[in-house]
Amino acid sequence: VVADERGAAAGLGPLTRRRGDPDAGVHRAARGRGSAASDELRALTPKGRADVAKLAETLARKGVHVAEVWHSSLRRAAETARILVDAGRIGSDVQERDGLLPEDDPAEIVEALELMYDDVCIVGHMPFVSSLVSMLIAGRAQSIVRFETATMACLEREALGAWRLAWQLSPAIL
């Protein structure tokens with residue numbers, strides 16, 4: 001997920017996968033700042049776009065692919081999703097979804113993920129993504145994972161339904 005210092009931003013939430021399926025993950029991509037009248041209209045900054053593009057190139061090289069890319073209604077989340085799809089070629093089915101805003105309860109998305117068989121990439125916001133990952137891994141929304149800007153983490157669902165962190169990428173290591 002992409003987040004700014006205030007904890008509100010766009011990015012990629014859990015990319016999920018089942019054991020043996022192609023990579024997927026949770027991503028915190030880029031910064032959204034500027035003089036937009038509202039949070040909903042704020043676009044990614046040039047640095048944010050560059051960070052997401054760098055991550056997308058890495059995902060393309062790794063061959064990461066998902067069936068669906070979900071993003072929140074905020075502009076920078078849609079921009080992040082589009083860069084990941086266009087430059088990273090991670091998938092083509094991009095959908096705006098409710099329940100991915102910064103303060104949303106992750107329980108609804110956890111339920112949706114439990115019903116899915118295919119991999120999905122979620123572009124959401126902090127602190128939502130941290131809460132979602134924590135709920136998937138530890139069973140509670142209390143944050144146990146922190147994401148730096150432009151970071152992606154892959155969560156893998158085990159055979160019995162438990163989730164684990166498979167890998168994590170950040171701009172510092174790309």
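The values are calculated or read from the model by the stated rules, or taken from the named source; none is laboratory data. This is a predicted model, so every value here is computed, not measured. Neighbour counts are summed over all protein chains in view; Cβ atoms, including those assigned to glycine, are modelled from backbone coordinates with ideal geometry. These area figures cover heavy atoms from the full protein model, side chains too; ligands, DNA and RNA do not enter into them. Shrake-Rupley method; radii C 1.70, N 1.55, O 1.52, S 1.80 Å.
For this structure, a couple of remarks:
- Surface accessible to a 1.4 Å probe, per residue, for the residues of the stretch 42-141, Å²: 42
- Distant-in-sequence amide contacts of residue 71, defined by a placed amide H-H separation under 5 Å and a gap of 5 or more residues or a different chain, comprise 95, 96, 97, 123.
- Note on residue 67 and residue 137: their simple-model spin labels are 2.5 nm apart, each label 7 Å out from Cα toward Cβ.
- The Cα atoms of the stretch 74-144 define a convex hull whose projected area, averaged across directions, is 4.9 nm².
- Remark on residue 166: its backbone amide H falls under 5 Å from those of 154, 155, 156, a criterion applied only to residues 5 or more positions apart or on other chains, H modelled at 1.01 Å from N.
- The stretch between residue 92 and residue 165 holds 23.8 nm of extra length on full extension. This uses 0.36 nm per residue minus the Cα-Cα distance.
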